[in-house]
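The values are calculated or read from the model by the stated rules, or taken from the named source; none is laboratory data. Computed from a predicted model, the values in this text were never measured in an experiment. Heads up, the Cβs are rebuilt from the backbone with ideal geometry, glycines too, and the neighbour counts pull from every protein chain shown. Each accessible area value is taken on the protein alone, full model and side chains, heavy atoms only, with ligands, DNA and RNA left out. Shrake-Rupley method; radii C 1.70, N 1.55, O 1.52, S 1.80 Å.
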Amino acid sequence: MAIFILSSCKAPKMFMAVPEQFKAEAVKMSIAGLGNGNGKKGIDFGNYNTSRISRGWNMTTSREDRNTNISSEERVLRAFKIDRTSITNNQKDKFEFTINDGKNTAEVFALERKVSEETRITTNNRWLSELSDPKNFQYSFSAVILLHSISQPSTWDLSLYSSFENKADKNRFDMTNTNGINEGGILTSEKDTIIIKSINSQNLVSDKGEARNLPFKMPSGYELTVDDNVIAVIDFWGKVIWMNSKLGEDKKIAIAAASSAILLRRIHNKIALV
Amino acid sequence: MITNAIKVLSIFLFIGTPLFSYSQLNKEVLQTDMEPYKMGGRKNPLSKNISFAEYKTSNVQRKVKTFLTVGTIDPLNQILVIESVPLRRNDKYRNRDAFRFKLETGDGTYLTTECAAFLKVDERFRLLQKQDSSFWGNRNTDFLIASIVPGSEPLSKWSLVASNLNASKDVEQKGKLVCKDDEISFIVMNLLLKENSSQYLLEQKFTSLNMVYAFTYKNEIVGAVSVKEIGRSFWIKKNADKKIRDAIAATAVILTIRRNLYQ
């Protein structure tokens with residue numbers, strides 16, 4: 001009986017709300033095989049499927065470093081004469097895969113890197129042990145997409161970056177963790193430039209089409225734009241890629257390759273996961 | 001043990017109150033086409049010399065006064081304390097760093113560099129009052145001066161002045177190099193730069209975001225050096241004039257081997 005009740009109370013699947021105008025011209029592609037995005041298994045969406053993901057070592061190195069800025073917290077710690085050290089962590093990850101749509105193939109080579117600085121505070125208490133407070137980070141994701149297209153082979157470069165700086169006016173109860181974060185991205189070839197923007201959304205839609213609002217904005221995905229017109233959306237909530245159906249085949253597979261690479265990253269660029 | 005934990009918790013509660021103002025360092029993101037070079041050396045505290053691109057340091061010498069801190073003892077700092085929580089603190093001290101080195105360049109010439117950094121701290125903390133500007137380091141004096149003399153042209157000496165390199169104030173960390181009519185300025189910022197100079201064409205295309213001292217000459221970013229020790233690198237424009245390239249390399253060494261005077 002209990003099993004029956006639990007299975008009947010399954011939470012509805014949520015999606016990011018997408019503007020109706022874009023929706024009318026776009027194709028919705030659900031991603032299969034993504035899991036948490038950390039695995040080696042390939043993913044499928046629409047008529048695109050990737051090879052098995054060839055991953056390198058996800059390496060992290062740490063060392064004590066000089067202060068690059070003094071946060072408000074540190075100024076008070078100084079006055080209280082509490083032991084603290086500035087630690088820098090350097091995390092790197094590499095992976096590669098191929099993606100094809102049945103006619104065209106693209107090879108993707110990606111490098112992810114995050115350098116984060118934190119203040120480590122020694123409390124000498126077994127319950128609190130060590131506390132750490134993030135001070136800043138520089139995150140970057142760089143990928144090269146080699147497109148073996150029937151019409152014309154081309155190379156696309158993908159760059160995503162974000163940086164954070166600890167500020168006194170940050171709201172410690174803001175769950176978006178986007179205070180002080182600067183984010184941006186670009187996907188370029190010789191001819192085209194696509195701007196990538198992160199989306200922090202409060203509006204979600206259930207799989208039955210019901211609108212649901214979160215109490216606060218949360219990182220929900222990315223939108224890809226050309227001249228301020230949205231051409232694709234990557235939805236982290238519903239694990240869905242929306243793509244304008246009127247795009248050329250070359251651009252479509254380049255966007256599919258870039259979207260797959262973004263979804264297959266293992267290092268995160270948010271404060272909560274520093 | 002417990003009092004220390006109480007102190008830490010009270011600090012975080014204290015931070016939550018809207019007493020403070022804080023100005024963020026000016027951070028920018030730019031895409032540049034500078035060539036990257038790994039900086040070797042400094043992997044252990046005993047290794048003084050560093051090498052990068054076609055440059056190598058030698059004869060790194062520090063003066064004894066570098067290791068001395070001179071300060072005023074305020075007896076009330078020790079008296080006005082309840083359960084290790086200070087009711088007020090006055091901190092006044094001076095720290096110095098003075099060093100010299102030779103920088104050998106790829107063509108056999110060298111530059112002689114002398115540097116002196118000075119930090120005077122004058123900070124006040126009041127537990128039960130609104131903090132004044134001295135709490136934010138506004139009364140601190142934090143500067144660095146240096147001279148870079150090319151061995152082949154001793155009259156073409158570069159003078160370097162920089163401020164707030166120890167981040168003792170909430171203002172930009174920046175500096176300027178001057179030689180006759182030439183002027184190079186630098187500032188701490190985030191830059192999207194080439195990851196490494198690998199022999200593989202694909203790896204040369206990778207970029208990463210780095211916190212660097214970015215050098216600007218004639219309104220163009222021509223060089224950069226990492227602020228952080230981890231994965232320290234140097235970037236320089238390939239076609240940069242040798243005189244500018246050498247001056248930036250010598251300044252990069254100064255910024256790398258200087259001591260952090262603000263503890």
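Numbers at a glance
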item: Those residues of segment B:223-246 which are crowded, with 22+ Cβ neighbours inside 10 Å and of a type in the set (A, V, I, L, M), in sequence order; result: B:Ala224, B:Val225, B:Val227, B:Ile236
item: Residue in segment A:229-252 that is at positive phi and open to solvent by 40 Å² or more (accessible area, probe 1.4 Å) present; result: yes
item: Failed item in (1) at pLDDT 85 or above; (2) open to solvent by less than 60 Å² (accessible area, probe 1.4 Å); (3) polar (S, T, N, Q), with A:Asn269 passing the rest; result: (1)
item: Positions within segment B:202-247 being assigned to a strand (DSSP E or B), facing chain A (nearest Cβ under 10 Å) and either charged (D, E, K, R) or over 15 Å from B:Phe52 (Cβ atoms) (or both), in sequence order; result: B:Thr207, B:Ser208, B:Leu209, B:Met211
item: Count - residues of segment B:27-44 that are out of contact with any helix residue (DSSP H, G or I) (no Cβ under 8 Å at 6 or more places or on another chain), in a loop (DSSP other than H, G, I, E, B) and modelled with pLDDT of 75 or more; result: 2
item: Out of A:Asn69, A:Asn90, sole residue that is facing chain B (nearest Cβ under 8 Å), in contact (Cβ under 8 Å) with a residue 60 or more places away in the chain and closer than 26 Å to A:Ser162 by Cα; result: A:Asn69
item: Filtered residues of segment B:170-180 (kept if open to solvent by less than 30 Å² (accessible area, probe 1.4 Å) and either under 18 Å from A:Phe164 (Cβ atoms) or within 14 Å of chain A (Cβ to nearest Cβ) (or both)); result: B:Asp170, B:Gln173
item: Strands (runs of 3 or more DSSP E) fully within segment A:18-134 counting 1 or more residues that are under 28 Å from A:Leu147 (Cβ atoms); result: A:26-30, A:48-50, A:84-100, A:105-122
item: Residue satisfying all of: in segment A:93-107; in contact (Cβ under 8 Å) with a residue 40 or more places away in the chain and within 11 Å of chain B (Cβ to nearest Cβ); nearest to the chain's Cα centre (by Cα) among these; result: A:Glu96
item: Verdict on A:Ile194 being in contact with a helix residue (DSSP H, G or I) (Cβ under 8 Å, 6 or more places away or on another chain), hydrophobic (A, V, I, L, M, F, W, C) and farther than 17 Å from A:Gln21 by Cβ; result: yes
item: Residue check, A:Ser129 open to solvent by less than 40 Å² (accessible area, probe 1.4 Å), among the polar types (S, T, N, Q) and within 11 Å of another protein chain (Cβ to nearest Cβ); result: no
item: Failed item, numbered, when A:Thr123 is tested on (1) in contact with a helix residue (DSSP H, G or I) (Cβ under 8 Å, 6 or more places away or on another chain); (2) within 8 Å of chain B (Cβ to nearest Cβ); (3) in contact (Cβ under 8 Å) with a residue 60 or more places away in the chain; result: (3)
item: Within segment B:46-86, strands (runs of 3 or more DSSP E) holding 2 or more residues that are at negative phi, hydrophobic (A, V, I, L, M, F, W, C) and touching a Gly at 6+ places or on another chain (Cβ under 6 Å); result: none
item: Residue match in segment B:101-109 (condition: among the hydrophobic types (A, V, I, L, M, F, W, C), open to solvent by less than 40 Å² (accessible area, probe 1.4 Å) and part of a strand (DSSP E or B)); result: yes
item: Residue among A:Lys217, A:Lys197 that alone is in contact with a strand residue (DSSP E or B) (Cβ under 6 Å, 6 or more places away or on another chain) and in contact (Cβ under 8 Å) with a residue 40 or more places away in the chain; result: A:Lys217
item: Residue match in segment B:181-201 (condition: surrounded by 20 or more Cβ atoms within 10 Å (Cβ to Cβ) and more than 14 Å from chain A (Cβ to nearest Cβ)); result: yes
item: Of residues in segment B:222-253 being in contact with a Leu (Cβ under 7 Å, 6 or more places away or on another chain) and of a type outside the set (Phe, Trp, Tyr), the one nearest to A:Asn69 (Cα to Cα); result: B:Val225
